[in-house]
Amino acid sequence: MSGHDGVPGASGVATGGRLVLLGNAIVDLVMRVPALPERGGDIVSQDTTLTTGGGFNVLTAARRLGLPAVYAGAHGTGPFGDRVRADLAREGIEVPLDPVTEEDTGFCVAFVDGGGERTFATSLGAEARLTEAHATAVLAALRPGDLVQISGYGLAYPVNGPVLASLVTRLPEHTRVFLDPGPLADQIPEEVLEPVLARCDWVSCNQREGRLLTGRDDAREAAAALAARLGPRTGVLLRADADGCWLVPPGGEPAHIPGRRVTAVDSNGAGDAHTGAFLALLGHGLDLSSAVRGANAAAAFAVTRHGPATGPTVGELLDLLDGEPLAERLSSALGR
């Protein structure tokens, strides 16, 4: 049986597993600015915060909706690595790998402009130094029913990419594999990307990433083209910001799932909140439509809060959906 058989879909089969992230948890230096400075210019930040981000955002989004979570990426020794591990522990996220002793965890400078859009510059650290020994430890730590999330950032890194591609081909049949190709989607070598796509049960991306992977500007066309590239056993979610997302179930046709109109203050981490919520709701056994609509709501909640790790708790998500039929389904599945 391939990893695609029994994909959580319309049947809403509960996995009983955990979210295992094969990604990168780093430190974000988030600067809120009216606009990006011109080339050679300068601008004064209105607010600056230091917070753990990257794959941490996906993990917390799932964890806050009650799904056990594991950070299976590399992490360093130093102040940034210490901060990442402390935040993972605070959220109840398991860390099975030992720290890399010779290097600290990396960081990212994130500029959030007056319109809520974010722009990044990243300095790589220990998280980009994944080894075959790490891969062996991750395989040993997996449990039946685990949901494995892969970040395109790691696939684009020269060291991590080949290790992750090899690891993905060795994942047990009982795992379900999810890929977010990320903003570096067009920088992932084909020999790394193709075996990962061949093993994926789901690919979730935003419109820009969909365009990079398919050459299509239109969201529906990009979702359909990506699904055609992946084949009938793999589902696609193409996130379209306030417009919600386009869903292509495995072997199905594109369907638009509307978003929620809110006043956005910070889009940083919204896609991560969507991904984490989608995985958590599938993991709790919800049907595909409910999981996607719940993910849209989680992303809408996230953009109304400052910071990258702003996915809602169960209570916050149910409050947002108060009075809607979806709230009842989520409440039953999440044990509220």
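Charges were assigned to the Cβ only: +1 to each Lys and Arg, -1 to each Asp and Glu. The resulting dipole of the chain about its Cα centre is roughly 580 debye. A Stokes-Einstein calculation at 25 °C with viscosity 0.890 mPa s, built on the Kirkwood radius of the chain over Cα pairs, returns a diffusion coefficient of 124 µm²/s.
Per-residue SASA remark: V163, around 20 Å² accessible (1.4 Å probe; ligands, DNA and RNA not included).
Expressed as a whole percent, the proportion of Cα-Cα pairs in segment 89-217 lying more than 19 Å apart is 56%. Counting only whole DSSP H helices of the chain, the ones at least 18 Å long by C-alpha along their axis and with mean Kyte-Doolittle hydropathy no lower than -0.5 are 270-283, 288-302.
Using the Kirkwood radius over C-alpha pairs as Rh, can you work out the diffusion coefficient of segment 213-256 via Stokes-Einstein at 4 °C, viscosity 1.567 mPa s, in µm² per second? Could the numbers behind the result be given before it?
Details: Rh = 10.1 Å.
Value of D from the Cα-based Kirkwood radius: 128 µm²/s.
If you take every residue apart from T51 with its C-beta less than 15 Å away from the C-beta of T51, what net charge results, scoring Lys and Arg +1 and Asp and Glu -1?
Numbers: positive: R32, R83, R85, R90, R118, R305; negative: D28, D47, D82, D87, E91, D266, D272.
Its environment carries a net charge of -1.
Pop the C-beta distance of L139 and S332 into the FRET formula with R0 = 51 Å and round what comes out to the nearest 0.05. Could the numbers behind the result be given before it?
Working: r = 35 Å, r/R0 = 0.68.
Using R0 = 51 Å, I get an efficiency of 0.90.
One Cα centroid belongs to segment 160-207, the other to segment 220-279; the line between them spans 17 Å.
Please name whichever of P183, A62, F111 sits farthest to the positive end of the charge dipole of segment 61-213, dipole taken about the Cα centre and charges placed at Cβ: Lys and Arg +1, Asp and Glu -1. Toward the positive end, the furthest listed residue is A62. Accessible-area rank, largest first, for S332, S204, S123: S332, S123, S204, with all protein chains present and a 1.4 angstrom probe.
Segment 50-120: which GluC sites (Glu not before Pro) are DSSP loop and have at most 12 other beta-carbon atoms within 10 angstrom?
Values: sites: E91, E94, E102, E103, E117; in loops: E91, E102, E103, E117.
In loop regions of segment 50-120 (DSSP not H, G, I, E or B), the sparsely surrounded GluC sites (Glu not before Pro) are E102.
Short to long, the 10 Å bins of the Cα pair-distance histogram for segment 246-312 hold 24, 49, 24, 3 percent of all pairs. Heavy-atom accessible surface of D241, to the nearest 10 Å², is about 130 Å², with a 1.4 Å probe and all protein chains retained. In the chain, the DSSP-assigned H stretches of four residues or longer account for a calculated mean residue ellipticity at 222 nm of -10500 deg cm²/dmol, using -39500 (n - 2.57) per stretch and the full residue count as denominator. Computed on the Cα trace of segment 21-145, the radius of gyration divided by the Kirkwood hydrodynamic radius gives Rg/Rh = 1.04.
Springs join every pair of Cα atoms under 10 Å in this Gaussian network model of the chain, and among Q207, Q149, Q187 the largest mean-square fluctuation is at Q187. Charging the Cβ of each Asp and Glu at -1 and of each Lys and Arg at +1, and nothing else, the dipole of segment 47-196 about its Cα centre rounds to 500 debye.
Counting Lys and Arg as +1 and Asp and Glu as -1, what is the net charge of the other residues whose Cβ lies under 13 Å from the Cβ of L238? List each step's numbers first, then the result.
Details: positive: R208, R211, R216, R220, R229, R239; negative: D180, E209, D217, D218, E221, D241, D243.
Cβ neighbours under 13 Å give a net charge of -1.
Computed over segment 178-282, the Cα gyration tensor eigenvalues convert (square root of 5λ each) into semi-axes of 21, 15, 14 Å, ordered from largest to smallest.
Can you give the extra length, in nm with one decimal, that the chain gains between A89 and F120 once fully stretched, where that is 0.36 nm per residue apart less the Cα-Cα distance? Before the final figure, lay out the partial values.
Numbers: separation 31, 0.36 × 31 = 11.16 nm, distance 2.58 nm.
Residue separation times 0.36 nm, minus the Cα-Cα distance, leaves 8.6 nm.
Extension gain, D322 to T263, is 19.4 nm, computed as 0.36 nm per intervening residue step minus the present C-alpha separation.
Of the solvent-accessible surface of the chain, computed with a 1.4 Å probe and all protein chains present, 52% belongs to carbon and sulfur.
What does the C-alpha gyration tensor say about the overall shape of segment 129-182? Classify as rounded when a/c is under 1.5, otherwise prolate if a/b is larger than b/c, or oblate.
Values: a/c = 2.37, a/b = 1.30, b/c = 1.82.
Note, shape of segment 129-182 comes out oblate.
The values are calculated or read from the model by the stated rules, or taken from the named source; none is laboratory data. Predicted model only: the values in this text are computed from it and were never measured. Neighbour counts are summed over all protein chains in view; Cβ atoms, including those assigned to glycine, are modelled from backbone coordinates with ideal geometry. Each accessible area value is taken on the protein alone, full model and side chains, heavy atoms only, with ligands, DNA and RNA left out. Shrake-Rupley method; radii C 1.70, N 1.55, O 1.52, S 1.80 Å.
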